[in-house]
Structure formats: C-alpha cells, structure tokens
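Report on the following structure.
Read the figures in this text as sums done on the coordinates, not as results from a lab. Just so it is clear, the model here is predicted, and its values are computed rather than measured. Cβ: placed from backbone, ideal geometry, glycine included. Neighbour counts: every protein chain shown.
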Amino acid sequence: MTDCEPAVAVAHPNIALVKYWGKRDERLILPLADSLSLTLDAFPTTTAVRQAPDAPEDRVIMDGVPARGEMRRRITDFLDLVRERSGIRAPAVVDTRNTVPVGAGLASSAGGFAALALAAARAYGLPRDPVSLSRLARRGSGSASRSVHGGFAVWHAGDPGAADPDHASYAEAVTDARVDLALVAVILEAGPKSVSSREAMRRTVATSPLFPGWLRKSREDLGRMRAALREGDITTVGETAERNALGMHATMETASPPVRYRTAASDAALTQVRRLRADGLGAWATMDAGPNVKVICDAADAKTVAARMGEVTGARVVVAGGGPGARLRTED
Ligand code: 2P0
C-alpha cells in the first residue's frame, strides 16, 4: 500500500463486568484499578484513515458529516500522538461510521478509538501487535484499550511506581473463560448524555465519599470475576457484575454535584431483571454512563430474556454475544 491509501479498521464496543471508573492520570488515561469486559458482536464502528500530506490540517468525518467541538479535538489530539510516535507529520483524513448511538452509554468511544487506533497505526506504520495497539487505543479512550481484543479482556491499571507507567497499562485477552454469555441491551434513550463520562468520573473521584470503598471492592470483584469466568460460574459472574455496576452508580450519585444517569425507565428495567430472577431465570443487570440497561445471561437464555425485557415500556432490545477484536478490513 502507498502512504496515501486508506487503512480501514472495524471494532466493536465492549461492556465492562468490572467497571473502569476513575483515573489516576488524566493525560495518559491511566486508571485507578483494573477492569474486565466482554467485547460485543454488535454495533461495529468502521474507520478509514489515510495520510494527506498536502492537506492543511486533519479532516475528520463522522457518519458523513465533519466532526466538530470536543469530539474533533479528541480525534486530532489522538492523531497528534500517532504523528509524534511515527515521526510522520502528514495530516490525516479520517472517515468513521458508527452503528451505536453516540453518547448514549453504549460505549461508542470504545469501538471508535479501537478502530481509529488500528487504522491509524496501519496508515502511519506503528506497531500493531495487540499490546502496543491496546496501549495506543487507551490514549484515545480508556475503554478502547479493551476493544482491541475479542471476547473477554482485562485492562491492567499498571504499577503506578513503574518507570514508564504509559507502557505498563494495557488490556489483555482472557483466554480461560468457560462461560457463553449473551448481553441483552435494553435501549431506553438514544440521545447524547448531559454529563460526559470523562467529567462524571473526574467529579466522582474528587468528591464522592463512597468512591474509596467502591474502588477497594472493585479490586476484590476483579479477582472474583476472573475465578468465576474460569470456573464457568455464571451466577457469580452476574451477581458480581451487577453489584459492581450499581456500586459505581452509587458513587456518582453521591458526587458533588451529583451525576445521575439512571432514569425512571432504567429503574423499571432493573425491576424487570429482578422479576426474571424471581421467576428462576439467570439474569443480571449492568449499566454504564447512561440510562440504558444491559442484561447479562447465559446465551441459551438470551431469547427468553430479550422477550421479557421487551415488555418494559419504551424499551428497544438488541441481543449481543461475544465478538471479535479490532481488525483491518483487508484481513476479513
Ligand atoms: C467502563 N465506562 O468500564 C466504564 C463504565 C463507562 C462506565 O469506560 O475518559 O469513554 O475516554 O477514558 O472509556 C467510559 O469511559 O472514558 C467507560 P475516557 P471512557 O466501560
């Protein structure tokens, strides 16, 4: 390929079972704790990147229209990092297409920056092994470090005392999981959120009196989750994930000023999940930085769970399973 041919990458969002909530370094995007997720087979983002040596500046197209404001700034900052690392100063043309509603707590930035990292690494000649790519994607958005991998992935916070902390923090695939999970996304609102997760995280760490306790518990949750995945213990997987997510929401709701993503519709969906359990189904909820609810269940129960969650007023339901990591389209 010549320098100016586009590199095209596809990546999917991931949903954390043990959440990333809180940074110890804002610039390098280093988290306070490890997190663990499942990359989905739904909502892919496809991103093309090419060098444009004669262009005056980067050109960023999102879903057919020029990106503006904060979104454009985050992408051009990321391209600056790619240029710094590659020594190639050419501006880029980026064309990205999402199938997940942007800013609705369905992790568009995870698939988005994983796809951008891979396409940009290919276009600018940076290393594309999974660890290097995960580190690079992390600099765009923390959760993107996990979408580089397919299936379950754990993002290591890295040793804060390491000589090069940027180098020490990346995600790795979890290869010994023995569960076949489905994730039923219950989409209640697809609009952009009022407070970005970046700002909500910052505010929570700085002001929530519950945050230190949740962080301690989250570290325990990670060990419990890894063991439960290895043992094929879906009940412990689900219970741990639900507690971890609701705990995270409790931390932000006690921040100052509080951040509340949960709505009456979210509460109705959470109540329905409890009802499913009372009826003997293995179903557990998780929530991210938005009002939507995702239900974790055994893949064999996905259809039943989806039908029951569809009874929630105003809910649109999408069933997802474990999906692949970021890949170049030419490798399909
Ligand atoms: C997660 N979230 O583990 C958590 C749970 C949302 C709730 O990662 O600031 O877009 O770009 O590193 O990755 C969303 O945060 O934040 C997120 P930045 P990101 O999936």
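Show me the trypsin sites (Lys or Arg not before Pro) within the range 250-279 that DSSP assigns to loop and that have at most 16 other Cβ atoms within 10 Å of their Cβ. Passing both the DSSP loop test and the Cβ count: ARG260. Compactness of the chain, taken as the C-alpha radius of gyration over 2.2 N^0.38 Å, stands at 0.96.
Placing a pseudo-label 7 Å from each Cα along the Cα-to-Cβ vector at ARG97 and ALA299 gives an inter-label distance of 2.7 nm.
Of HIS167, PRO209, ALA11, which is farthest towards the positive pole of the chain's charge dipole, taken about the Cα centre with +1 and -1 on the beta-carbons of Lys, Arg and Asp, Glu respectively? The one lying farthest along the dipole's positive direction is PRO209.
Remark: spin-label model distance GLU84-ARG274 equals 4.8 nm, labels positioned 7 Å along the Cα→Cβ axis. For the chain, the number of Lys pairs with C-alpha atoms closer than 25 Å, counting only pairs eight or more positions apart or on separate chains, is 9.
Rounded to the nearest 10 degrees, the inclination of helix 264-278 to the longest alpha-carbon principal axis of the chain is 60 degrees. Placing one equal scatterer on every Cα of the range 181-321 and applying the Debye formula, the log10 ratio I(q)/I(0) at q = 0.09, 0.11 Å⁻¹ is -0.28, -0.42.
Among MET62, MET252, the ranking by other beta carbons within 10 Å of each residue's beta carbon, starting with the fewest, stands as MET62, MET252. Legend: ranking of residues HIS249, HIS167, HIS149 from fewest to most surrounding C-beta atoms inside 10 Å; resulting order HIS167, HIS249, HIS149. Only Cα pairs under 8 Å and 6+ residues apart enter the sum, and on that basis the relative contact order of the chain stands at 24 percent.
Could you estimate the translational diffusion coefficient of the range 7-177 from the Stokes-Einstein equation, with Rh from the Kirkwood formula over C-alpha pairs, at 4 °C and 1.567 mPa s, in whole µm²/s?
On the way: Rh = 15.8 Å.
It comes out at roughly 82 µm²/s.
Charges were assigned to the Cβ only: +1 to each Lys and Arg, -1 to each Asp and Glu. The resulting dipole of the chain about its Cα centre is roughly 600 debye. Ellipticity at 222 nm from helices only: DSSP H runs of n ≥ 4 in the chain, each -39500 (n - 2.57), divided by the residue count, give -12500 deg cm²/dmol.
Neighbouring Cβ atoms within 10 Å as the yardstick, rank THR47, THR175 fewest first.
On the way: THR47 29, THR175 8.
Starting with the residue having the fewest Cβ neighbours, the order is THR175, THR47.
Return, ordered by residue number, the residues of the range 53-74 whose backbone nitrogen is under 18 Å from a label point located 7 Å along Cα→Cβ of ASP166. The answer is 74.
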